[in-house]
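Undergrad: Sharing a structure below in structure tokens format, with a few things to ask.
The values are calculated or read from the model by the stated rules, or taken from the named source; none is laboratory data. Model, not experiment: these values are computed from the prediction. As a convention, Cβ positions derive from the backbone with ideal geometry for all residues, glycine included, and neighbour counts pool all protein chains shown. Side chains are part of the model used for accessible areas, which takes the heavy atoms of the whole protein and leaves out ligands, DNA and RNA. Shrake-Rupley method; radii C 1.70, N 1.55, O 1.52, S 1.80 Å.
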Amino acid sequence: MPGTIPEPFAAWFAARGWTPRPHQLAILAAAASGESALLIAPTGGGKTLAGFLPSLIALAQTPTPGLHTLYVSPLKALATDVARNLLAPVAEMGLRVTIETRTGDTPADRRRRQRERPPQMLLTTPESLAVMLSLPDAPALFASLRAVVIDEVHALAGIKRGDQLALGLARLATIAPAASRIGLSATVAHPDAIAAYVAPDGRPDGVRRIEVADGAPPALSVMLPDGGLPWGGRMGLVSAPEVLDRIRAANLTIVFVNTRAQGEMLFQALWKLNAETLPIALHHGSLDVAQRRRVEAAMAEGRLRAVVATSSLDLGIDWGGVDQVIQVGAPKGVSRLLQRVGRANHRMDEPSRAVLVPANRFEVLECEAAVRGVAARELDGDPPRAGGLDVLAQHFLLTAAGGTFDPDALFAEVRRTQPYAGLSRKDFDDVLRFVEDGGYALASYDRWRKLFRDSEGRIHIRSERIARQARMNVGTIVEMPLLKVRLGRQTLGEVEEYFVNGLIPGDTFMFAGRLLRFLRVREMGAEVADGGTGDPKIPAYAGGRLPLTTNLAARVRALLHDPRTWRRFPAPVAEWLELQQDRSELPGSDDLLVETFPREGRWYLVAYTFEGRNAHQTLGMLLTRRMERAGASPLGFVATDYVIAVWSAEEPRDISALFAEDMLGDDLEAWMAESSMLRRTFRNVAVIAGLIERRRPGEERTRRQLTVNSDLIYDVLRRRQPDHVLLRATRADAAGGLTDLGRLAAMLARVRGRIRHRRLDHVSPLAIPVMLDIGRESVRTEISEEALLAETEALVAEAAAAPAPKRRRA
């Protein structure tokens, strides 16, 4: 009967003392009736097995040649791990099921063989799926497809990689209409939108939704360094001794950090203290794939005590031996924290253990807010936005590379996806026209003529060369051009080109957990040697910082506003807040506190906005423009996730007018027109859309080449076709990405008429952390640490000695 487990599966479960969980049986029942399903279940609840169980049973009962099941993962490491974990039960039950992976790391000969003799189950990523669908033999390869499993679907919906996958799934639905879909996730903040994403018809009711009650709540704690809690900084290195103590006390620990630079620094800090040489490894996405695979294999085999990792190990990977997670630095979101905590224990009925290690005093508040958010099961994150037009352009080109298509049929197909359900025919036609010949402004240039229409209106690609170019440039992740780091004949990984351009021979930097000396650039690679002297630099990567979610920011404001919660804070934090209340006041949950004070010949304005770094960067640009017009002569600003500080030659006046909502009108338009931000955003859009190619056969484009080309085209389009579809896509990306306009607009609306201005004679206690960020780099030497300590002491003494605050000025 549907939803039951046949032999030998029942025997396999029984041999382990397991019984199938209700949600696993529900997935079986959905598959038996031909329905698609979305499974939302806590980590450790057997989601992955549930996703594959219908396919394994079907193939065991009726072995069929060809590709039966496609599994799509947001991470290469996750696809590899799932394949490894699937092979064990398949072998134990004696099933004759072939399982393979196909990612960007798969050798070319294996990819060719997979096309000729496909496995029954193929595990892949959105980018590799896009390449496979662009091949002329895609209809033959996918004709036998019966199931698609989308793992960690929440991590894809709402981003451009998710747009790409949704379009690929729509193609699959046309090629193999009998294939059902199963979406898997542990953390879904917007279930209707995610259900629509999984559904073949793009409607929330187009899938059977299976939700599992929460498992055992995680055991979370906050750990502070013994040597005193820092006022500023984001790396958390001062807590390295306590982190190492926790590692010693456990079998296997994942130490999560928020950026690759932080991972490199913390790994080095731990090794300096690691006198007993405990086996500790480093894992992030810029390391060479071979090194990442070695780390993953060592984890699986129990040969490591700890791994310092970024989001490269966030999702779904089942390291059964991990018994604790340590999050160094504030988590930036409840959903993200739950995802990371779920890497420990990985059993639904037992609590996962995790320790949060804040790097500064504001992060203590954020960690406490995150713990409360987890307890309330308050998942966060923005709802998925509309699909990107640049991704659609790439999809058109890849679709044509695979064969001719009818625009009307493709429009209907695209509209069946959740990201593009609201796509207008005008936008569709404008994007298609752009891919055909570049659009009105570029149509006279032959290099952008890539498609043509036959007499029946069908779309063709102009040449096989263009098709090859399109496949070479698949993807929506536009990083800065990368250079390989080569130590002799060994490749350690990749760093961004701009970082290497700032090095001179002999410079020392940390990478792949090693201290390296830069030698030279040769053949698109940075040649290095071990060792070196002087202060090491740390590669940083564009877009590496995680954004603070809106819900978590609101929780932080609420904690600050309620003195009854302060007793749960460490004594230094509680004393800090009490001193702030005495010397100024504390931000409210729905208002905006702005402090101004003189210091060392300058005036400082500090606003406690709590809207995340992206929104604060935009706010800083707009504030300085307004202050310039008002005669305050602004000199600069610095933004953190929590506050923004602007310093000026003159005292800022009429604070409420500075934060009026109309700053998002003419001020914003003027700033965006003058700034380089739109140019940078256009470059990314142009690369994804195929206007500018990152790669050509035997050639890798440099950052300078990409920038110069995109700047020239950007200027042409602005002059000759200001409504060009790529400029529209650029403005949409700018509004939702770097500028975070929606969040900024919501904040300005929330505080309208609720701005509280405190004019002080001295720096306030709450302003000290952002004051320490002014002019500081993220990587500090011992000398600069001493200078920072001296500055901290001076600021603390100044704030503590300040007289009673003056009355608020009207």
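Undergrad: With each pseudo-label sitting 7 Å past Cα toward Cβ, what's the Ala15-Ala571 distance in nm, one decimal?
TA: Spacing of the two 7 Å Cα→Cβ label points: 5.9 nm.
Undergrad: With a ≥ b ≥ c the root eigenvalues of the C-alpha gyration tensor of the range 1-64, is it rounded (a/c under 1.5), prolate (a/b larger than b/c) or oblate? Before the final figure, lay out the partial values.
TA: Numbers: a/c = 1.74, a/b = 1.03, b/c = 1.69.
Oblate, because a/c is 1.5 or more while a/b does not exceed b/c.
Undergrad: Now for a different question. Return one whole number: the accessible area per residue of the chain in Å², for a 1.4 Å probe. Walk me through the intermediate numbers first.
TA: Numbers: 32250 Å² over 810 residues.
Ligands and nucleic acids excluded, the figure is 40 Å² per residue.
Undergrad: If ligands, DNA and RNA are left out, what is the accessible area of Leu313 with a 1.4 Å probe, given in Å² to the nearest 10?
TA: Accessible area, nearest 10 Å²: 0 Å².
Undergrad: Probe radius 1.4 Å, ligands and nucleic acids left out: which of Arg385, Arg568, Arg453 has the largest accessible area, and how do the rest follow?
TA: Details: Arg385 90, Arg568 135, Arg453 115 Å².
Ranked from most to least accessible, the order is Arg568, Arg453, Arg385.
Undergrad: Can you give the extra length, in nm with one decimal, that the chain gains between Ala91 and Phe452 once fully stretched, where that is 0.36 nm per residue apart less the Cα-Cα distance? The partial results should precede the final answer.
TA: On the way: separation 361, 0.36 × 361 = 129.96 nm, distance 5.04 nm.
The Ala91-Phe452 span can extend by a further 124.9 nm.
Undergrad: Pick out, from Phe142, Ala130, Thr106, the residue whose Cα sits farthest towards the positive end of the charge dipole of the range 98-150, with +1 on the Cβ of Lys and Arg and -1 on the Cβ of Asp and Glu.
TA: Looking along the dipole axis, the top candidate is Phe142.
Undergrad: Assuming 0.36 nm per residue, please report the length gained on full extension of the stretch Ala249 to Arg303 beyond their Cα-Cα distance.
TA: Computed gain between Ala249 and Arg303 is 17.9 nm.
Undergrad: Of the accessible area of the chain, with the probe set at 1.4 angstrom, what percent is carbon plus sulfur? Please report the intermediate quantities before stating the final value.
TA: On the way: 16510 of 32250 Å².
Within the chain, the accessible surface is 51 percent carbon and sulfur.
Undergrad: Same structure, new question: Report, please, the projected area of the range 205-247 averaged over directions, based on the convex hull of its C-alpha atoms, in nm². Before the final figure, lay out each step's value.
TA: On the way: hull surface 26.2 nm².
Over every viewing direction, the Cα hull of the range 205-247 projects on average to 6.5 nm².
Undergrad: Rounded to the nearest 0.05, what FRET efficiency do Arg728 and Ala216 give with R0 = 51 Å and r taken as the Cβ-Cβ distance? Could you check? Working shown, then result.
TA: Numbers: r = 48 Å, r/R0 = 0.94.
Efficiency for this residue pair is about 0.60.
Undergrad: Could you tell me the extents of the chain's C-alpha atoms along the three principal axes, largest first, rounded to whole Å?
TA: 82, 69, 55
Undergrad: Quick check: pseudo-label points 7 Å beyond the Cα along Cα→Cβ at Glu7 and Asp382, how many nm apart are they?
TA: 5.6 nm
Undergrad: Evaluate the charge dipole of the range 574-678 about its Cα centre and quote only its size in Debye, nearest 20, assuming +1 on the Cβ of each Lys and Arg and -1 on the Cβ of each Asp and Glu. Don't skip to the end; give the middle numbers.
TA: On the way: 8 positive and 20 negative charges, 82 e Å.
For this selection, approximately 400 debye.
Undergrad: Suppose R0 equals 25 Å. What FRET efficiency, 1/(1 + (r/R0)^6) with r the Cβ-Cβ distance, do Asp429 and Arg718 give to the nearest 0.05? If you can, show how the numbers build up before the last one.
TA: Numbers: r = 22 Å, r/R0 = 0.87.
Result of the calculation: an efficiency of 0.70.
Undergrad: Related question: If Rh is defined by the Kirkwood formula over all Cα pairs and Rg also comes from Cα, what ratio Rg/Rh do you get for the range 1-119? Let's see the in-between values first.
TA: On the way: Rg = 14.9 Å, Rh = 15.5 Å.
Over the Cα atoms of the range 1-119, Rg/Rh equals 0.96.
Undergrad: Give me the number: length gained by fully extending Arg110 to Glu276, i.e. 0.36 nm times residue separation minus the C-alpha to C-alpha distance, one decimal in nm. Show your work: numbers first, answer last.
TA: On the way: separation 166, 0.36 × 166 = 59.76 nm, distance 4.22 nm.
Full extension of this stretch gives 55.5 nm more.
Undergrad: List every residue whose amide H lies under 5 Å from the amide H of Asp740, counting only residues 5 or more places away in sequence or on a different chain, with H placed 1.01 Å from N in the peptide plane.
TA: Here the answer is none, since no amide H 5 or more places off falls under 5 Å of that of Asp740.
Undergrad: Note down the nm distance, to one decimal, between modelled labels 7 Å out along Cα→Cβ at Ala529 and at Tyr440.
TA: It is 6.1 nm.
Undergrad: Please give the calculated 222 nm ellipticity per residue for the chain, where each DSSP H segment of at least 4 residues contributes -39500 (n - 2.57) and the sum is spread over every residue; nearest 500 deg cm²/dmol?
TA: On the way: 30 runs with 337 residues, N = 810.
After summing the helix terms and dividing by residue count, I get -12500 deg cm²/dmol.
Undergrad: Name the long-range amide H neighbours of Arg602: under 5 Å, sequence gap of 5 or more, or other chain; modelled H, no Pro or chain starts.
TA: Distant-sequence amide H within range of Arg602: zero hits.
Undergrad: Amide H of Ile182: which non-local residues (sequence gap of 5 or more, or other chain) have their own amide H closer than 5 Å, using H built in the peptide plane?
TA: Ala37, Val148, Val149, Ile150
Undergrad: Each residue of the range 5-22 in order: what ³J(HN,Hα) in whole Hz does its phi give by Karplus 6.51 cos²θ - 1.76 cosθ + 1.60, θ = phi - 60°, with x for Gly and Pro?
TA: Those phi angles translate into 9, x, 6, x, 5, 4, 5, 5, 4, 5, 4, 9, x, 9, 10, x, 6, x Hz.
Undergrad: Nearest 5 percent is fine: what portion of the DSSP beta bridges confined to the chain is antiparallel? Working shown, then result.
TA: Details: 39 of 93 bridges.
Looking only at bridges with both residues in the chain, the antiparallel portion is about 40 percent.
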